[in-house]
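Asker: Before we start, here is the structure in question, set down as structure tokens.
The values are calculated or read from the model by the stated rules, or taken from the named source; none is laboratory data. If you're wondering where the values come from, they're calculated on a predicted model, not measured in any experiment. Counting neighbours? That spans all protein chains shown, and the Cβs are built from the backbone with ideal geometry, glycine included. Heavy atoms of the whole protein, side chains included, go into the accessibility calculation; ligands, DNA and RNA do not. Shrake-Rupley method; radii C 1.70, N 1.55, O 1.52, S 1.80 Å.
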Amino acid sequence: FFPLQSQLSQALNGLSDRAKEAKEFLVQLRNMVQQIQENSVEFEACLVAQCDALIDALNRRKAQLLSRVNKEHEHKLKVVRDQISHCTVKLRQTTGLMEYCLEVIKENDPSGFLQISDALIRRVHLTEDQWGKGTLTPRMTTDFDLNLDNAPLLQSIHQLDFVQMKVSSPVPAPPILQLEECCTHNNSATLSWKQPPLSTVQVEGYILELDDGNGGQFREVYVGKETMCTVDGLHFNSTYSARVKAFNKSGVSPYSKTLVLQTSEDTQSEEQTLPFPVPLERSQLRRMSPFSSTLNLQPSFPGRSYFELRSSAHQLSLHSSLQSLNSAGEPIAWFSFDPASAHADIIFSNDNLTVTCNSYDDRVVLGKTGFSKGLHYWELSIDRYDNHPDPAFGVARIDVLKDAMLGKDDKAWAMYVDNNRSWFMHNNSHTNR
């Protein structure tokens, strides 16, 4: 008997707890009813206010359009009324001339008629010519050359709907850097990334960040939809850290893993030591490019290497001095001429390692690799020189004049050669050799 009482008591306690929860739930539901009613009133008021604002905007636009119609109406009336006034005056003059001519015809005195007949005939013909082609044609149409284009607005009205029920998409997953496609070349770095294979979240774009090459803060170097980016103009012989993140309307993903990359620093061969694999075609490009540069990193200026072709046709070929550079223990960088930024008169050949120009005006061509500091060395050969052109070469900022001799503006520091000696020029002024 007592065990059954105990079981019943425990069951009643559990049921009592459920009943208490039910009462609390009913209170919650009744509160929700009240809240729904209040929210409905507020939402309806907001909806009415938004629609009234649209109606007010439409009424204001209607008033503006009606004003344009009234202006067109007044313009048409003015043109027609002016034509009526002009035609009335001419008709009155014509009618008066006709009445006078009829009276002259009735004149019985032949001598008097002969005296004025020639003048009257000329005047009649002149008046008739004044009623020439176009005089009796309306200068204005009665139609209004206005057509209200209301289709886009009607379409927008039909598309007017609530968007609060749409479920927002989640934040993208962090991208994955594709090491097999990442590489460095001289002072440029190419990075490639992709979304995780199983990710189905929509991505609107990516943000690529690099530090300053000295362990400093990261900064954005690319924002866009592409999944590959080449960053130029980095410091030589420097170590950079790179990372990328994705974004969409819901927010920004976490960063990818950080990738450490090294710009040109190999002092033992023409190849660079990279912290990750280099595609074969990029390695071949460096081996074929005989444009070398020694890099003793000292303060210099941001800019690019440029070469100039002037006057008659001649060629510049670039040749390297690998053995001397390597024996000196200096790092080597490889690059060629840049067709994208050169003057249109310059002709490129030999994989952009040779340039030719037939123009008699100054023409400038630059190297593909930019640098921001350092002590640099180039070696080049001129295949033809006929004592007229003054070939110039040196360093310049990227916005240097392309149709003026190198050194004519303040963007370049150049040496040029004539038939006597070499000269140095900057900002159109000669300096010491």
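Asker: Looking at Thr263, Thr258 in this structure, which one is touching a Lys or Arg at 6+ places or on another chain (Cβ under 6 Å) and either open to solvent by less than 30 Å² (accessible area, probe 1.4 Å) or modelled with pLDDT of 85 or more (or both)?
Answerer: Exactly one residue qualifies, and that residue is Thr258.
Asker: Return yes when Glu181 is closer than 30 Å to His376 by Cα, loosely packed, with under 11 Cβ neighbours inside 10 Å and of a type in the set (Asp, Glu) and no when it is not.
Answerer: Considered against the rule, which asks whether it is closer than 30 Å to His376 by Cα, loosely packed, with under 11 Cβ neighbours inside 10 Å and of a type in the set (Asp, Glu), Glu181 comes out as no.
Asker: What number of residues within the range 119-152 satisfy the criterion of being open to solvent by 70 Å² or more (accessible area, probe 1.4 Å), without any contact (Cβ under 8 Å) to a residue 40 or more places away in the chain, over 17 Å from Val89 (Cα atoms) and of a type in the set (A, V, I, L, M, F, W, C)?
Answerer: 1
Asker: Do any strands (runs of 3 or more DSSP E) entirely within the range 341-433 hold 1 or more residues that are exposed (fewer than 15 other Cβ atoms within 10 Å of the Cβ), and if so, which?
Answerer: Result: 346-349, 380-382, 422-426, 429-431.
Asker: Only residues that are modelled with pLDDT under 85 and on the phi > 0 side of the Ramachandran plot: list them for the range 327-350, please.
Answerer: Within the range 327-350, Gly329 is the sole residue that qualifies.
Asker: Looking at the range 206-251, which of the residues that are part of a strand (DSSP E or B) and exposed (fewer than 14 other Cβ atoms within 10 Å of the Cβ) is modelled with the lowest pLDDT?
Answerer: Gly251
Asker: Test Leu208 against the criterion of being out of contact with any helix residue (DSSP H, G or I) (no Cβ under 9 Å at 6 or more places or on another chain) and among the hydrophobic types (A, V, I, L, M, F, W, C), and give yes or no.
Answerer: yes
Asker: Looking only at the range 114-135, count every residue that is hydroxyl-bearing (Ser, Thr, Tyr) and within 21 Å of Asp82 (Cα to Cα) and tell me the total.
Answerer: Qualifying residue count, the range 114-135: 2.
Asker: Kindly provide the set of residues from the range 107-122 that are outside any helix (DSSP H, G or I) and within 18 Å of Leu97 (Cα to Cα), ordered by number.
Answerer: Glu107
This table checks each residue for (1) at pLDDT below 90; (2) more than 30 Å from Asp143 (Cβ to Cβ); (3) not in a helix (DSSP H, G or I).
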position	(1), (2), (3)
Arg18	yes, yes, no
Asn31	yes, yes, no
Ala49	no, yes, no
Asp52	no, yes, no
Ile55	no, yes, no
Lys71	no, no, no
His75	no, no, no
Lys78	no, no, no
Arg81	no, no, no
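Asker: Taking the range 404-433 only, how many residues are modelled with pLDDT under 85 and within 19 Å of Ile346 (Cα to Cα)?
Answerer: Selection size over the range 404-433: 1.
Asker: Within the bounds of the range 382-401, is there any residue that is in contact with a Ser or Thr (Cβ under 7 Å, 6 or more places away or on another chain), modelled with pLDDT of 75 or more and basic (Lys, Arg)?
Answerer: No, the range 382-401 contains no residue that is in contact with a Ser or Thr (Cβ under 7 Å, 6 or more places away or on another chain), modelled with pLDDT of 75 or more and basic (Lys, Arg).
Asker: Which of the residues belonging to the range 187-205 are part of a strand (DSSP E or B) and either of a type in the set (A, V, I, L, M, F, W, C) or touching a residue at least 40 places away in the same chain (Cβ under 8 Å) (or both)?
Answerer: Across the range 187-205, the qualifying residues are Ser188, Ala189, Thr190, Leu191, Trp193, Gly205.
Asker: Looking at Arg30, Arg92, which is the one that is over 30 Å from Ile116 (Cα atoms), free of Cβ contacts under 8 Å to residues at least 60 places away in the same chain and open to solvent by 70 Å² or more (accessible area, probe 1.4 Å)?
Answerer: Criteria check complete, one pass: Arg30.
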